[in-house]
Amino acid sequence: MAENFESMITDLSEALKNGLSEEAEKLAHQALEQGMQPLEIVQKILVPTLTNVGQRFQNFEIFLPELMMAGEAAQKVTAIVEEATLKAGKPSLILGTVVLGQVEGDMHDIGRHIVGTLLNSHGFKVVDLGRNVPASAFLEAAEREKADIVALSALMTTTLPAQKRTISLFSEVRKREDFYIIVGGGAVSRGWAEEIDSDGYAPDAAGAVALCRTLSKKP
């Protein structure tokens, strides 16, 4: 069985890397049917594979079409994993609601998908607003969803000012104290996070989960 699992991990990882959505869906269903747990698929396949794809894109080894195809395949698998998690029974205590998105001007998906998947697996309700999200849309979603945390991602240095604008908007309408606002993404540093008065910064997906868990325990 262990050898079979290793084969499934390899095959599903390759399907994701190559953006083969239908193949990835089929393999994800097979993995679950043969006893692989949803969290195993996330930890052993989705996260390392998407991290690798993102790094290859950063290194110019692949280009935007390949990146987007891998992201679409990952979304399909994530949906299957989430459905299986629901059937198995999600954690009885939801740790909090996180509104997540790429700030205005930022068109990347991979890192956000990893963060969203991990947060969901750890008991958070995740509202993913997608790419190129204006400040007003973050505010509207945070209020509508009664969010605990708003997570602003920026992978491009040119979109860093959009993180600052988003936080400023929350302050302008006197909603800044209603939500924890955290920042992350390849372009973000701890210094920048402090400069724009965010409530926290995480350098990677695992750090984002740890940060959200810490904030969710605050009164």
Overall form of the stretch 96-216 per C-alpha gyration tensor (a/c, 1.5; a/b vs b/c): rounded
If I take the Cα coordinates of the stretch 133-183 and project them onto the principal axes, what are the three extents in Å, biggest first? 29, 19, 16
Roughly how tilted is helix 64-88, in degrees to the nearest 10 and between 0 and 90, from the longest Cα axis of the chain? 80 degrees
Once you charge only the Cβ atoms, +1 for Lys and Arg and -1 for Asp and Glu, what is the size of the charge dipole of the chain about its Cα centre, to the nearest 20 debye? 680 debye
Are any of the pairs Lys44/Lys164; Lys26/Lys146; Lys17/Lys76; Lys76/Lys164; Lys17/Lys146; Lys76/Lys125 more than 25 Å apart by Cα-Cα distance, and if so, which? Lys44/Lys164; Lys26/Lys146; Lys76/Lys164; Lys17/Lys146
In the calculated pair distance distribution of the chain, what percentage of Cα-Cα distances lie above 32 Å? 18 percent
Positive-end residue of Val173, Ala15, Ser216, charge dipole of the chain with Cβ unit charges: Val173
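First select every other residue whose beta carbon is under 13 angstrom from the beta carbon of Ile62; then total the charges, Lys and Arg +1, Asp and Glu -1.
Working: positive: Lys17, Arg56; negative: Glu61, Glu66.
Within the 13 Å Cβ shell, the charges total 0.
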Dipole axis of the chain (+1 Lys, Arg; -1 Asp, Glu on Cβ), positive-most option in Gln163, Val47, Ser198: Ser198
Exactly which chymotrypsin sites (Phe, Trp or Tyr not before Pro) in the stretch 61-151 are in a DSSP loop and have at most 13 other Cβ atoms within 10 Å? Phe63
Who wins for biggest fluctuation among Leu27, Leu160, Leu46 in a Gaussian network model of the chain, springs between alpha carbons below 10 Å? Leu27
Between Glu14 and Gln34, take the C-beta separation as r, use R0 = 30 Å, and let me know the FRET efficiency to the nearest 0.05. 0.95
Under 11 Å from the Cβ of Gln102, count the other residues' Cβ atoms, weight Lys and Arg +1, Asp and Glu -1, and hand me the total. -2
Between Gln55 and Asn4, take the C-beta separation as r, use R0 = 22 Å, and let me know the FRET efficiency to the nearest 0.05. 0.20
0 to 90° range, to nearest 10: angle between helix 47-58 axis and the chain longest Cα axis: 70 degrees
Can you check how the C-alpha radius of gyration of the stretch 2-88 compares to 2.2 N^0.38 Å, as a plain ratio? 1.04
Once you have a ≥ b ≥ c as the square roots of the Cα gyration tensor eigenvalues for the stretch 166-219, tell me rounded if a/c is under 1.5, and otherwise prolate or oblate according to whether a/b is larger than b/c. oblate
For the stretch 149-219 and the stretch 18-66, what is the separation of their Cα centres, given in Å? 27 Å
Rounded tilt (10° steps) of 2-17 against the dominant C-alpha axis of the chain: 50 degrees
Relative contact order [Cα under 8 Å, 6+ residues apart], the stretch 2-88, whole percent: 42 percent
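State to the nearest 20 debye the size of the charge dipole of the stretch 50-112 about its Cα centre, where the only charges are +1 on K and R beta carbons and -1 on D and E beta carbons. Intermediate values should be presented prior to the final figure.
On the way: 5 positive and 8 negative charges, 63 e Å.
Dipole about the Cα centre, nearest 20: 300 debye.
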Neighbour-limited loop hits for trypsin sites (Lys or Arg not before Pro), the stretch 180-219 (at most 15 other Cβ within 10 Å; DSSP other than H, G, I, E, B): Lys217
Springs between alpha-carbon pairs under 10 angstrom, Gaussian network model over the chain: which of Thr51, Thr97, Thr117 fluctuates most? Thr51
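Computed from the coordinates by the stated procedures, all read-outs in this text should not be read as laboratory data. If you're wondering where the values come from, they're calculated on a predicted model, not measured in any experiment. A quick note on method: Cβ atoms are made from the backbone with ideal geometry, for glycine too, and the neighbour counts reach across all protein chains shown.
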